[in-house]
1. So Thr244 clears everything in (1) under 28 Å from Ile200 (Cα atoms); (2) free of Cβ contacts under 8 Å to residues at least 60 places away in the same chain except one condition, right? Which one?
2. Can you tell me which condition Pro233 does not meet? The list is (1) under 21 Å from Thr316 (Cα atoms); (2) buried (at least 17 other Cβ atoms within 10 Å of the Cβ); (3) within 23 Å of the chain's Cα centre (by Cα), and all the others hold.
3. Return yes when Gly284 is outside any helix (DSSP H, G or I), within 30 Å of Ser143 (Cα to Cα) and touching a residue at least 40 places away in the same chain (Cβ under 8 Å) and no when it is not.
4. Quick one: which residue in Phe130, Phe166 is surrounded by 12 or more Cβ atoms within 10 Å (Cβ to Cβ), free of Cβ contacts under 8 Å to residues at least 60 places away in the same chain and of a type outside the set (Asp, Glu)?
5. Restricting to the range 172-202, give me the number of residues that are without any contact (Cβ under 8 Å) to a residue 24 or more places away in the chain and in contact with a Ser or Thr (Cβ under 9 Å, 6 or more places away or on another chain).
6. If Leu112 meets every condition in (1) surrounded by 13 or more Cβ atoms within 10 Å (Cβ to Cβ); (2) of a type outside the set (Phe, Trp, Tyr); (3) over 19 Å from the mean Cα position of the chain (by Cα) apart from one, which number is that one?
7. Considering each of Ala125, Ala107 in turn, give the residue that is hydrophobic (A, V, I, L, M, F, W, C), outside any helix (DSSP H, G or I) and either free of Cβ contacts under 8 Å to residues at least 24 places away in the same chain or buried (at least 18 other Cβ atoms within 10 Å of the Cβ) (or both).
8. Answer yes or no: is there a residue in the range 270-285 that is touching a Ser or Thr at 6+ places or on another chain (Cβ under 6 Å) and at pLDDT below 90.
Amino acid sequence: MQAEVTPAPKPKVDQSSAISHKRAKGYNLHAGDKYYAFAFLGPSLLVLGTFVFYPMLRTLYLSLFLTNNVGRPTVFVGLKNYIGLLTSSAYQASLQATAVYVIGVVALTLILGLLLAQLAVKKLAGIQWFRTIFSATMGVSVSVAAIFWLFIFSPSIGLFDQIGNFLHLPIVAWLTQPGPAMFAVIISTVWMNLGFTFLILFGALQMVPQPLYEASAIEGASESYQFFHVTIPMISPTLFFTSTVTLIGAFKSFGLIDLMTAGGPNNATNLMVYRVYQDAFLSGNYGIASAESVILAVIIALFTLLQFKFLEKRVTY
């Protein structure tokens, strides 16, 4: 009688590993694929290298030299351009003016944009017209905005001084006194930025789920409590984005400053980016201007990193 032979059990196959192996096998790279990669990435890398990376490296290189009137390096001075700038009272005044300008622009733009967006969300009669008006500044060029605000701040026919005359208030030389001139350029910049900020925040407010407000209203929460404990946390990612974009844009503001005050009076509105323009294209000090550009880039990067480090923790995703 023959003994019954039991067949050996088949080895178990890990289905997940087999599937992943098939997928990996389907995406194997071939030697010729790199040419396709260069073909698709080449134009973008060429544009970035020509208009971004090379100017950055060239600016860093020129900041270590004294240059002639056409921007050619003549004498290597190392970090003396940076030391001379940071110890200069004029450059320190420019840093202070930039800080005041950036804080004013960012704070007012975010606060006014959020308040207008909160108002535009409400279902009121004719609110569609107000939404259009609030976002209309996005279609206004810098030159047109400068002409408009120069008319508003004109000491003879300006709207503000006409109101002052009606109320028997003293005439204010808005663009020829340091304090009022800074206020004028801040208000003008906020008006220019308000359309974009309003539109982004308005879209974010529309995405807040209504049941959250209904539930909080049932619990007896006031509108102010809902605003700070429901609305703000729900739109915090959008607030973080708009604050970062507004901060970077404020540091780079140039057009309104150039057309309205040209850095005056007495360098009261001579911001860092406008000082770069003056030293490079008006005075021909390209080495100094390059050092100022590097300092400005470092400051923007530091503030952006600080925003991501401290403000992103408060963002609710």
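1. (2)
2. With (1) under 21 Å from Thr316 (Cα atoms); (2) buried (at least 17 other Cβ atoms within 10 Å of the Cβ); (3) within 23 Å of the chain's Cα centre (by Cα) applied to Pro233, the lone miss is (2).
3. For Gly284, the condition - outside any helix (DSSP H, G or I), within 30 Å of Ser143 (Cα to Cα) and touching a residue at least 40 places away in the same chain (Cβ under 8 Å) - is met.
4. Phe130
5. Count: 1.
6. The failed condition is (3).
7. Criteria check complete, one pass: Ala125.
8. No, the range 270-285 contains no residue that is touching a Ser or Thr at 6+ places or on another chain (Cβ under 6 Å) and at pLDDT below 90.
The values are calculated or read from the model by the stated rules, or taken from the named source; none is laboratory data. Note that the structure is a prediction, hence the values are computed from the model and not measured. Reconstructed Cβ throughout: ideal geometry from the backbone, glycine too, with neighbour counts over all protein chains shown.
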